[in-house]
Amino acid sequence: MTEQTHAHTHTHQSAPGGRAAASMPAPDERDPRMPRLALSPGFNESMRSGWGTPIRTPVIPSGAALAAHHHRARLAEALPGRTIAVSAGRAPVRANDTSFEFRADSDFLWLLGCGIEDAVLVIEAVPGGHDATLYLPAPFRPGDDGFHADPLRGELWVGPMPGLAEYAEALDVRTRRIEELALGDDALVAGAPTPAGPAAAALAAVPHSAELRRVLAELRMIKDEWELAELSAAVASTEHGFAAMARELSSAIEWGGERWLQGTFDRYARTVGNGPGYASIVGSGAHAPILHWVRADGGISPDELLLLDVGVERRSGFTADVTRTIPAGGTFTSAQRAVHDLVEASHRAGLAAVAPGRPWSDFHTASMEVIARGLHDWGLLPVSVDEALAPDGQQHRRYLVCGVGHHLGLDVHDCAGSSYAAYQGAVMQPGMALTVEPGLYFHAFDETVPPELRGLGVRIEDDLVVTATGHEVLSSGLPIDAAGLEAWLAAVRSERPAPTAAEAAPAR
């Protein structure tokens, strides 16, 4: 069956369940993730009728479709006269015939407003604007053999799925079956790769465009009001997620460890949004200095620091990225507080350097200068502060090897495809969203630091928006000073007792 639908113009065809029956793909056309199912003719026939019509309205975040329309217009204006194709991608295989949960390519999300696996959005310039066509796989519904035989797109397996007509109406774009996708040699292609399926051949015939990737990244640097509202909401949810972890701290110390807190935040993030915007980092003690400690398989001791780097991703795809380092037992030791105080001073210097018209590197430079001076005062630098801060020095970076901030948006490290001139070499502008995140990381096996500092890791990370007059800290609901964190932790933990292991264990 060929199904073709224009926005607000629905073509109805006579067939059981409201659509013409579609045959299953030939064996060599099947998705490799789909197991082979042997079904009898009688069973197939019995499954084709007797079904009602479920609700198939797509869930689109409020305002997303209109925002995406404006994003497409900006892209078409930036690349006049070009045909642009951006693919959503597909979920990677986890093992055998099971896959990870699908999350669409960020550029696709920015241009459409929602994610659809294996879909491709094509934008063409037309006089006075642009024309968009969404190519997507049609689901298998009652009357199609795939309804009960295809575990990937059969509604009996995965539930009611929006199709071409529903997406056309919800998104106000023209829709076509993915099998109809054809691209000319001059098309600009970007997005996540599609290794198999109907669109694979058409996309593979045209190389991905570095120019398109760069233009999209640079357009996404300046957020509009809708995007900033989504980011703000993501941060607010993330602050609540921190409180959820704090309330579970006693259970984590007693028996659950780092993974209990990681699971607590991830469960909360999945409840209020898509889930965590990146692998949640929960590092206690010697794990806190490990920059990307996502294993979270250690215990938590009450006399250790606990580094929490997490972010809720909204259903729109926009994510927060916030870090706080707290004393697991409720109170900083003198050594822990000294490290935290130095990082706090560096953090405040970085925040003060965020303003429109200032070089992007200013907040990085300001934060690093405070770190270098503090380390020198502690006798941990083998050279002077000036020598350390010189481009050919950087000895202080032994304890802070990463950067001090990045753009934030649909990706936790947003706009990564930008040119150097537009990113590190640019000035800050109103509408930019970014993080400031200095830290100090003294590894447990680092013999250049005194024993009392080994195994201490501290990071403070806030999410900011550059405004016309300075900046706004979106994550200001969480304290950044040691005394404030101790008070916040005590207040949150007093709200309700944490469950015991027996109470939290699933019923058998």
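The values are calculated or read from the model by the stated rules, or taken from the named source; none is laboratory data. Computed from a predicted structure; not experimentally measured. Cβ: placed from backbone, ideal geometry, glycine included. Neighbour counts: every protein chain shown. Note: areas computed on protein heavy atoms with side chains; ligands, DNA, RNA excluded. Shrake-Rupley method; radii C 1.70, N 1.55, O 1.52, S 1.80 Å.
The table that follows gives values for the structure above.
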read-out: GLY241 being of a type outside the set (S, T, N, Q) and out of contact with any helix residue (DSSP H, G or I) (no Cβ under 9 Å at 6 or more places or on another chain); value: no
read-out: Enumeration of residues in the stretch 112-140 that are open to solvent by 20 Å² or more (accessible area, probe 1.4 Å) and over 14 Å from GLY89 (Cα atoms); value: GLU124, ALA125, VAL126, PRO127, GLY128, GLY129, HIS130, ASP131
read-out: Hits in the stretch 429-471 (condition: in a helix (DSSP H, G or I) and open to solvent by less than 60 Å² (accessible area, probe 1.4 Å)); value: LEU453
read-out: Selection count where residues are farther than 20 Å from ASP414 by Cβ and part of a loop (DSSP other than H, G, I, E, B), scope the stretch 80-101; value: 10
read-out: Test: residue in the stretch 220-240 that is modelled with pLDDT of 95 or more, among the hydroxyl-bearing types (Ser, Thr, Tyr) and over 23 Å from the mean Cα position of the chain (by Cα); value: no
read-out: Matching residues in the stretch 283-322 - criterion: being of a type in the set (Ser, Thr, Tyr), part of a loop (DSSP other than H, G, I, E, B) and closer than 30 Å to ALA104 by Cβ; value: SER316
read-out: Residues (open to solvent by less than 60 Å² (accessible area, probe 1.4 Å) and more than 27 Å from the chain's Cα centre (by Cα)) located in the stretch 349-360; value: ALA349, GLY357
read-out: Pair list, Cβ under 8 Å, 6 or more apart: the stretch 435-447 residue within 29 Å of LEU474 (Cα to Cα) and of a type in the set (A, V, I, L, M), other residue in a loop (DSSP other than H, G, I, E, B) and open to solvent by less than 10 Å² (accessible area, probe 1.4 Å); value: VAL436/VAL354; VAL436/VAL404; LEU440/LEU400
read-out: Pairs with Cβ under 7 Å, 6+ apart, first in the stretch 157-186 and free of Cβ contacts under 8 Å to residues at least 12 places away in the same chain, second surrounded by fewer than 21 Cβ atoms within 10 Å (Cβ to Cβ); value: TRP157/PRO151
read-out: Unmet requirement for SER232, which otherwise passes all of (1) of a type in the set (Gly, Ala, Ser); (2) open to solvent by 20 Å² or more (accessible area, probe 1.4 Å); (3) not in a helix (DSSP H, G or I); value: (3)
read-out: Every residue from the stretch 266-282 that is surrounded by fewer than 24 Cβ atoms within 10 Å (Cβ to Cβ) and part of a helix (DSSP H, G or I); value: ASP266, ARG267, TYR268, ARG270, THR271, VAL272
read-out: Any hit, the stretch 287-300, residues being at pLDDT 95 or above, open to solvent by 50 Å² or more (accessible area, probe 1.4 Å) and under 27 Å from ALA491 (Cα atoms); value: yes
read-out: Flag for PHE363 being closer than 30 Å to LEU112 by Cα and crowded, with 16+ Cβ neighbours inside 10 Å; value: no
